[in-house]
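First comes the structure, then the notes that go with it.
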Amino acid sequence: MNDANQSGHAIPWFTDFAEGPLWYVAATVFVFGVLWRIVGLLALGRGEDKSVPKQSGMAGGIKAILLHSVPHGGFFTHTAFHVIAGYMFHIGLFALLFFAAPHVDFLRERVLGFGWTPLPDWAFIVAAQISFAGLILLWVRRVADPVIRRLKDAHDYIGSGLTFLVMLTGCFALQESRPVLAGIHMFTVDIWLIYFPFSRLMHAFTFLFSRYYTGAFYGRRGVTP
Amino acid sequence: MSDTTAPQTSAAPVDVPSAVRVMLDQMGANIATWLDSCLHCGQCAQACHFHEVSRDPRHSPAYKLKPLVKAYKRHKSPFAKLRTTLGFPAQDVTADDLREWQELIYDTCTMCGRCTVVCPMGIDTASLVGLTRTAMVAAGLGPPDLLATADRSAEVGSPLGMTPDTLEDRIEWLADDYEVDIPLDKDKARVLLTVSSIEAMKYPQSIVAMARILNHAGEDWTFSTKGYEATNFGMLSGKSDVAAKMLGRIVNAAESVGAELVIIPECGHAYGALRWTGAKILGRALPFAVQHITEYLADAKAAGKLKLKPFAESITYHDPCQVSRRGGATQAPRDILAGFAQDFREMAPTGNANWCCGGGGGVAAIESATDLRLKVFGIKMDQVAETGADTMVSACANCRQSLDAGKEHFGWDKDIASLVEIVADHLDE
Amino acid sequence: MVRNTGIAVLCRAVFVCFVFSLLTVFSIDVNPASAQSPAGRDVSQGESLNGAVPGNTTGGVSDSEFWRQVRSGAAGGLVPLVQSQGDEWSRWRGPLQTYGGWILAVVVGIILIYFAIRGRMRIEGGRTGMVIPRFSLTQRVAHWVIAILFVILGLSGLAIMFGRFVLIPVFGKDGFAAIASLSLQAHNLFGPLFVPAVIALFITFLRGNGFKMHDLKWIMKGGGFFGVHASSEKYNFGEKSWFWWAILTGIALSVTGLIMVLPGLGFERGTMQIANVIHTAAAILFMAVGIGHMYVGTIGIEGALEGMTRGTVDVNWAKEHHDMWYEQHADEATPDVAAAEAQAADGKV
């Protein structure tokens, strides 16, 4: 990120802003917003279920978290598009987010204090391509599928659109030659982080609880749906 | 469909505040998390039998949740207060929403839970629809025929008008006609047997079958006029007071005969109502164990108390949603059939992923849902045709009734039977 | 910036090709940061060097004998340091930019003039509310994937191609350097996705796109653009031509693009230069017609866009634009929009 000396370009104020004050604001909103939403949900509590369980609800909950990650119940042929495009997008995004060399550097220098071995450049580009392909496919389906058209709301587009922008500006900054490009990427990341806790992007965390509760419900009945 | 219900309901005032209050009262962490999690991916539509036959995007399960989602976002979401304070609260539920959604919540959802299997977030749509039904009732909405059925069950003891006297007459007649001992109102018994009024009125031989089997197994059992109706239309319709009343009767009867075990007959939702939500409605743990009749039979067979002559014809099993997927008694009927049915064929999909009959969740009692329900039977016909089996058995009188209606409508050439009756017909005595 | 393999080097190589033009001849490892060096600008604009050594290289006067040796590889290395074919490539590039720019400008101009004179082509009979399924979900997905890639690759390609003339005056040299960098990266990253997208487009739209005799009549009637009704089946002659045009230029773009983006496959510099010229020409041809397609598909013709979003079209639209297709599918017309959309989604079109 801070390669001003290498490239011989002064870091523009914009990049300074996006990597400095705005980044701290965004990270704060993200962390506290996400915590607030999760705690707020869990604090609603559930009444105790006094029925006699057949099997452990907790085991069922954990099983469901894993099971709903894969197609089951004979649905794969019907949902192959969602599953394949969804996995392309999410696996690619995960690889980009945590294994792109600049990201590992950023996390080491600015967030965690330690790093790990990043992906080689070519693998990271392939991950980006897979991820973009997945996101575009899901997006296009959202426009064309009558069921999704009926379900959709603005946040579906804002969330996926912002994610796309973050990825796109990341791609723009790949050459790492222009601090302003890194700044634009960082700016979109900041906006994305601020939007995150208030949006459907929260599913990155809530999927755990949503699946768990259902799994616990079914687990008590001895069913793994 | 909405043409028939709209004129009746749009005239009636809709009590939105009560509906919202009922929604919010039940909105615990699990409900709220589910409502928070939907990503609008639409995969659930692939699992819904009503969407499968209508292809109407309104019938996708996720869409049915909309009023509840609105109530959540407006009042219960962790950011609801912040939004209200800042002056841009989320939209609240409207009377029009509730009117429009009545059809989706009642006519086009059997609360079968199949959509949960395919949902990447694991959202339990069936529970959410059940909750929305209670709000509909609070708003003064709901299909009149289903609500009337529920009220009748509260007033006379049974949705099909089977009073304690009718039960007594019927048992007397069946015991005489079929020469079987059917105990009623014994002072004490280990097992209290209940009945679904669908069986008593439409398939009375099923009562004979249960009696024969329990007698064959040497069980100490009885019917009770204090509590005999296993079906709970209060729960199906969203009338919580009726649900509690129906449940109280069974608990009362079981306690008075000192039953250790209450057996639910071949009825899907009755099993879930007592086995899984009974304790919640009662407010304490049930003072007895609950088994579906298939679970009882499987146990009796395993214990060597059930001697059966082999059943030779080809047979397939339709999983009642509330018994298998949402009940957990998926394996019991298969244990009964193992070794007994010589030519048992599984449907595809089967077990916890099996298709619904189309008439569960009280939908069989909703006149305006008939067309769609019959179309759903087409799925079942295809499934059975694929197995090549001549007979389809189920373990739910409500399924059986819906399937029989489909068979009659289409002039289908396969046999539809009850598992318990087949077992009773093949007792080796 | 290390890495001797893969896309990283190629990214730079292509970037360098575009921005520095002839300077690549002398140095393979040019720092992108020197994008604004005066030499780079001078040389790439093809001005005469008058015998001066280009760039900031020390030494003043060229020696033709010395340069011949460099060119042949005799001066020190086993590999020729100067690749003469680069001169050929630079001779193609200028005209491509000039004429390519004109072609695109003329297309846009024609569309603007047509729109100014004739305006939007309305559904003459008005909407009936009855719809017919037209495009399957698979077709629509394939179409929009390639449409999104068209926009990303088109814009980044145009920036690479014409940015020096169009963007520098607006954003300045520093600004353009950033835009050039991002365009290059976007073009290289999204480019490979275009290849499967073209294949998917070909497979999903092949049926019905064969030319037939009655297409001649459509041509004779000016395609219905000048007030005369022109009959057609599911696709008219214009759409069929666009399909094959997009597939052929798409194949050319894919093959030449892959040659440039995958130097690891062992393509020589000369091959890449030829690929670059073909790539540029094909892109201009693809975009020129593509812009027209975008016009008729959106604001140009009322009722066309929904065929590609919802998958269904209004009956009157079908009658007016694809009467022969309408005749074949008249029995599918329905006021139940949801049912028609479901039918389209299922691929029964």
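The values are calculated or read from the model by the stated rules, or taken from the named source; none is laboratory data. Being a predicted model, the structure only gives us computed values, none of them experimental. We place every Cβ from the backbone using ideal geometry, glycine too, and count neighbours over all the protein chains shown.
Among the helices (runs of 4 or more DSSP H) lying completely within the range B:117-198, list those that include at least 1 residues that are within 24 Å of residue B:49 (Cα to Cα).
Passing ranges, in order: B:125-139, B:144-156.
Looking for something surrounded by 19 or more Cβ atoms within 10 Å (Cβ to Cβ) and of a type in the set (Gly, Ala, Ser) - is there at least one such residue anywhere in the range B:276-289?
yes
Among the numbered conditions (1) closer than 24 Å to residue C:96 by Cα; (2) more than 13 Å from the chain's Cα centre (by Cα), tell me where residue C:248 comes up short.
(2)
Condition first: within 7 Å of another protein chain (Cβ to nearest Cβ), surrounded by fewer than 22 Cβ atoms within 10 Å (Cβ to Cβ) and part of a helix (DSSP H, G or I). Now tell me which residues in the range A:207-225 satisfy that.
A:207
Would you mind stating whether residue B:398 is touching a Lys or Arg at 6+ places or on another chain (Cβ under 8 Å) and in contact (Cβ under 8 Å) with a residue 12 or more places away in the chain?
No, not satisfied.
Is there a residue in the range C:223-238 that is crowded, with 18+ Cβ neighbours inside 10 Å and under 20 Å from the mean Cα position of the chain (by Cα)?
yes
Which of the residues belonging to the range B:333-354 are β-branched (Val, Ile, Thr) and away from chain A (no Cβ under 12 Å)?
B:336 - this is the single residue of the range B:333-354 that is β-branched (Val, Ile, Thr) and away from chain A (no Cβ under 12 Å).
Report, by residue number, each residue of the range C:310-349 that is within 14 Å of chain B (Cβ to nearest Cβ) and β-branched (Val, Ile, Thr).
Hits for the range C:310-349 are C:312, C:334, C:337.
Could you check the range B:153-180 and list, in sequence order, the residues that are farther than 29 Å from residue B:213 by Cβ and in contact (Cβ under 8 Å) with a residue 60 or more places away in the chain?
B:154
Criterion first (touching a residue at least 60 places away in the same chain (Cβ under 8 Å), within 14 Å of chain C (Cβ to nearest Cβ), assigned to a helix (DSSP H, G or I) and out of contact with any Ser or Thr (no Cβ under 8 Å at 6 or more places or on another chain)) does residue A:149 satisfy it?
no
Looking at (1) within 7 Å of chain C (Cβ to nearest Cβ); (2) surrounded by fewer than 21 Cβ atoms within 10 Å (Cβ to Cβ); (3) not β-branched (Val, Ile, Thr), which one does residue A:165 not meet, given that it meets all the others?
The number of the failed condition is (1).
Which of the helices (runs of 4 or more DSSP H) contained wholly in the range A:1-109 include at least 3 residues that are at the interface with chain B (Cβ under 10 Å from one of its Cβ atoms)? Spell out the reasoning first.
Numbers: elements: A:4-7, A:13-19, A:21-42, A:57-67, A:76-99, A:101-106.
Per the criteria, A:21-42, A:57-67, A:76-99.
Is it fair to say residue B:194 is within 27 Å of residue B:134 (Cβ to Cβ), touching a residue at least 40 places away in the same chain (Cβ under 8 Å), among the polar types (S, T, N, Q) and not assigned by TED's automatic domain parsing to the domain that holds residue B:327? Working first, answer last.
Working: within 27 Å of residue B:134 (Cβ to Cβ): yes; touching a residue at least 40 places away in the same chain (Cβ under 8 Å): yes; among the polar types (S, T, N, Q): yes; not assigned by TED's automatic domain parsing to the domain that holds residue B:327: yes.
The answer is yes for residue B:194.
Assuming residue B:347 fulfils every condition listed in (1) assigned to a loop (DSSP other than H, G, I, E, B); (2) touching a residue at least 24 places away in the same chain (Cβ under 8 Å); (3) surrounded by fewer than 18 Cβ atoms within 10 Å (Cβ to Cβ) apart from one, which condition is it?
Unmet for residue B:347, out of (1) assigned to a loop (DSSP other than H, G, I, E, B); (2) touching a residue at least 24 places away in the same chain (Cβ under 8 Å); (3) surrounded by fewer than 18 Cβ atoms within 10 Å (Cβ to Cβ): (3).
Six or more apart or on different chains, Cβ under 6 Å: which pairs go from a residue in the range C:184-207 that's touching a residue at least 60 places away in the same chain (Cβ under 8 Å) and within 11 Å of another protein chain (Cβ to nearest Cβ) to one that's assigned to a helix (DSSP H, G or I) and of a type in the set (Val, Ile, Thr)? Could you list them?
Correct list of pairs: C:188/C:261; C:191/C:261.
Look at residue B:327 and say whether it is at pLDDT below 95, closer than 20 Å to residue B:109 by Cα and touching a Phe, Trp or Tyr at 6+ places or on another chain (Cβ under 8 Å).
Taking the combined requirement at face value, the residue satisfies it.
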